[in-house]
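Before any comments, here is the structure.
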């Protein structure tokens, strides 16, 4: 089974609108971390937001928030007030095994295009 | 915050030559580094995990004699693509394990786009 599933290959959003990028995960490890990265066309992986499996509250970082639904094993990224510079690939990732865990799994990514 | 410097950012080489890619942690010691490969419009695929002072652990299907990884110091890991061929053309990106700062333990380099002609 896929560890990380991103079902939206491509998404479009109007500038200044909010958009949700879906991510579901599969693990039996009680301790894990969920990450979202942005990859612009230049290729670098830009860390956006992190959610730990034991965190009680949804993570937020500026315009980014993570809608963490543990029972459903979903970790959707919400980008509010989209900007043209948000156009990029977005990857959801998971690390199993707590802070000492090394294994990192990436989803297939979602290409986001912000329309002026 | 933690920074990982990866060089070169782009390289074009002739088929049959070897290419070395460096990944350097600038302000922290990286005991573990990861090397990924990414084909166009695809996800990152882990190739190998390198630990300082020991042999790298390769993922299934990755040729260790083709993709040589050296992690001789706490701040430098190198990936050498030996006798490169056009099918090795890809985007290679490293990541360092960092427990001291941002990224919740993982900091990525900026990637290397390899084109073998």
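Diffusion of the range A:61-116 by Stokes-Einstein, at 25 °C in a medium of 0.890 mPa s and with Rh set to the Kirkwood radius over alpha-carbon pairs, works out to 186 µm²/s. Computed from the C-alpha gyration tensor, the three semi-axes of the ellipsoid equivalent to chain A are 24, 14, 12 Å, from longest to shortest. Label positions at residue B:70 and residue A:60, each projected 7 Å from the Cα along the C-beta direction, are separated by 5.0 nm.
With Rh defined as the Kirkwood radius, the inverse of the mean 1/r over Cα pairs, the Rg/Rh of the range B:6-117 is 0.95. Taking 20 °C and 1.002 mPa s as conditions, the protein assembly as shown diffuses translationally at an estimated 117 µm²/s according to Stokes-Einstein applied to its Kirkwood radius (Cα pairs). Under 15 Å from the 7 Å Cα→Cβ point of residue B:13, by amide nitrogen: which residues of the range B:21-59? Residues B:21-23 fall inside that zone. Take every pair of alpha-carbon atoms less than 8 Å apart whose residues are at least six positions apart; their mean separation over the length of the range A:20-116 yields a relative contact order of 31 percent. A simple spin-label model places the labels of residue A:78 and residue B:5 4.1 nm from each other, with each point 7 Å out along Cα-to-Cβ.
Taken together, the values in this text are just the output of simple stated rules run on the coordinates, not laboratory data. If you're wondering where the values come from, they're calculated on a predicted model, not measured in any experiment. In this analysis, Cβ positions are derived from the backbone assuming ideal geometry, glycine residues included, and neighbour counts consider all displayed protein chains.
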